[in-house]
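Below is one structure, written out as structure tokens; the observations come after it.
The values are calculated or read from the model by the stated rules, or taken from the named source; none is laboratory data. If you're wondering where the values come from, they're calculated on a predicted model, not measured in any experiment. Neighbour counts are summed over all protein chains in view; Cβ atoms, including those assigned to glycine, are modelled from backbone coordinates with ideal geometry.
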């Protein structure tokens, strides 16, 4: 990684986070502690009197001294100040020369212009080809003639915006134009990160139009939500008269793309293409249903996600990345919702021929988490039993205190000392009681009311109850299978299914349903787990068979270490559905944690597996 790019990664991390430890920085940057410290030292030299990265104990934080100057730095000034000793700047120059050239560019000419050896240029070109590999362009080399870049005009412009313009001073646009653009940014509500993007878009459009390199089309997925706004019309008029050009509708739409990445004041809300958005949403949901058994209210989810989706599609089309505010936290907090988001976003990427940045998974995961945890009626609230031996007056006081501290997500049922013994309290999420109870299952959280009016204590006990419930999937059977490295993935899966069949835990058609799903969609995930699963009318219990390979197993769809084979009851009560979602969360939490996966892979029999799962809070 070039030093200047490393500097900007460090700055972005410290701007986003109040402070970070050396270990956190090392993990995010994939560097040694020594390299991180050295990079921070050299960055502080570059930021002299503008900002300072301060270390306090083992934590680093950013202190900004001149905010206006720091904004200029974050807009890319450190890249502009770099010279051809920087490999990133050399790559930027090579891309610039290839895009702007009317003919082939000789390797020797590049070597002379950059002031480096031919061997260094060869290495830079190799790096360049790797960096721009996802764009629909090709760098063609012809003996004795040199190199040429070919591709559609749309991609060439994006290449120039993302790989060239940050490294060179903007000398084409007049100061008047820059002021017009800045005024538009301030009145439109555009986020600061996209203001420089607007200037770059305007600059490259004008330069390409003046050299007669015109757009012939734009991706169909792109929607321009600001095309009819007066301010855009005024901007186009200014550009056409100032630079003596005529801008087609396609060129105007390209100039407008920075306004179409997030919600802003200029958006025309009547331009939303619901039919197109629904087709993309449906593709996402189809892939999710193919990979995972889950029940989601699609109509409500689409209504909540629609606005986010319309901007996300535009971002993917124009390769614009959101600022990452989460850095892995969403994946930890909501592992199953994150996996749904990942599968859905990848389906969207396939339709748009784009690689979806991982930050988009985190934003989408919020919508899926909301859909999974939604409480559409009173029955889905957490039902609490209150057992009180001192009458209705005391019971009312307890109810009011619980509602005040725990919020509206609970539904309370009161029992007297005499009545509770005739009822099944185990069906309640938790029990608050003033007396010792009997006939209560160990998996049911019981909170003895000793400090009712101590809010801190009450919240702590509630969190304990939630933790107990999270690990209390009661109707769950777990099986274990050590898998064979000599058999195929399908053969190993068949062995696991046959064991369940022999024990009469699954129905006759279970295997057929599993393999039909596998034929349509691979259930091998990036995190080295396979998750084949389907419904099972033969049992009212959730059945989980854990298959472990002695070593990492290679398949055409990817590497596998663990197979989670899941048989899901055909009919799910609210409680079972909640337990199933808990199990999903726990399994994908293991899948997303390399250390937990390693520990799980070391288990060699059912008893040790169950002991490990209890220790990790996966089961009670």
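Tabulated results
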quantity: Number of the condition not met by residue 144 [criteria: (1) outside any helix (DSSP H, G or I); (2) in contact with a helix residue (DSSP H, G or I) (Cβ under 6 Å, 6 or more places away or on another chain); (3) farther than 19 Å from residue 90 by Cβ]; calculated: (2)
quantity: Yes/no for residue 64 being at pLDDT 85 or above and outside the structural domain of residue 194 (by TED's automatic domain parsing); calculated: yes
quantity: Residue in the stretch 226-239 that is within 24 Å of residue 151 (Cβ to Cβ), surrounded by fewer than 18 Cβ atoms within 10 Å (Cβ to Cβ) and in contact (Cβ under 8 Å) with a residue 24 or more places away in the chain present; calculated: no
quantity: Residue under evaluation residue 190, criteria (1) closer than 30 Å to residue 127 by Cα; (2) part of a loop (DSSP other than H, G, I, E, B), criterion not met; calculated: (1)
quantity: Number of positions in the stretch 255-285 that are in contact with a helix residue (DSSP H, G or I) (Cβ under 7 Å, 6 or more places away or on another chain), touching a residue at least 40 places away in the same chain (Cβ under 8 Å) and either closer than 30 Å to residue 566 by Cα or not in a loop (DSSP other than H, G, I, E, B) (or both); calculated: 9
quantity: Filter result for residue 201 (outside the structural domain of residue 354 (by TED's automatic domain parsing), within 17 Å of residue 311 (Cα to Cα) and surrounded by 17 or more Cβ atoms within 10 Å (Cβ to Cβ)); calculated: no
quantity: In the stretch 33-53, the residues that are more than 17 Å from residue 6 (Cα to Cα) and either touching a residue at least 60 places away in the same chain (Cβ under 8 Å) or surrounded by fewer than 14 Cβ atoms within 10 Å (Cβ to Cβ) (or both); calculated: 48, 49
quantity: Restricting the stretch 89-108 to residues that are farther than 11 Å from residue 148 by Cα and without any contact (Cβ under 8 Å) to a residue 40 or more places away in the chain, the residue that is nearest to the chain's Cα centre (by Cα); calculated: 90
quantity: Verdict on residue 598 being within 22 Å of residue 331 (Cα to Cα) and without any contact (Cβ under 8 Å) to a residue 12 or more places away in the chain; calculated: yes
quantity: Evaluation of residue 125 against (1) in a loop (DSSP other than H, G, I, E, B); (2) over 31 Å from the mean Cα position of the chain (by Cα); (3) buried (at least 16 other Cβ atoms within 10 Å of the Cβ) (one fails), failing number; calculated: (1)
quantity: Options 154, 135: the member that is surrounded by 16 or more Cβ atoms within 10 Å (Cβ to Cβ), modelled with pLDDT of 95 or more and not in a strand (DSSP E or B); calculated: 154
quantity: Odd one out for residue 196 among (1) assigned to a loop (DSSP other than H, G, I, E, B); (2) surrounded by 13 or more Cβ atoms within 10 Å (Cβ to Cβ); calculated: (1)
quantity: Helices (runs of 4 or more DSSP H) within the stretch 549-620 that include 2 or more residues touching a strand residue (DSSP E or B) at 6+ places or on another chain (Cβ under 8 Å) and modelled with pLDDT under 85; calculated: 574-591
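Each row is one residue, and each column tells you yes or no for (1) touching a strand residue (DSSP E or B) at 6+ places or on another chain (Cβ under 6 Å); (2) in a loop (DSSP other than H, G, I, E, B); (3) loosely packed, with under 13 Cβ neighbours inside 10 Å; (4) free of Cβ contacts under 8 Å to residues at least 40 places away in the same chain.
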position	(1), (2), (3), (4)
398	yes, no, no, no
402	no, no, no, no
426	no, no, no, yes
432	yes, no, no, no
439	no, yes, yes, yes
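Every residue, every condition in (1) modelled with pLDDT of 90 or more; (2) assigned to a helix (DSSP H, G or I); (3) closer than 20 Å to residue 523 by Cβ, yes or no:
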site: 312; (1), (2), (3): yes, yes, no
site: 326; (1), (2), (3): no, no, no
site: 331; (1), (2), (3): no, yes, yes
site: 342; (1), (2), (3): yes, yes, yes
site: 359; (1), (2), (3): no, yes, no
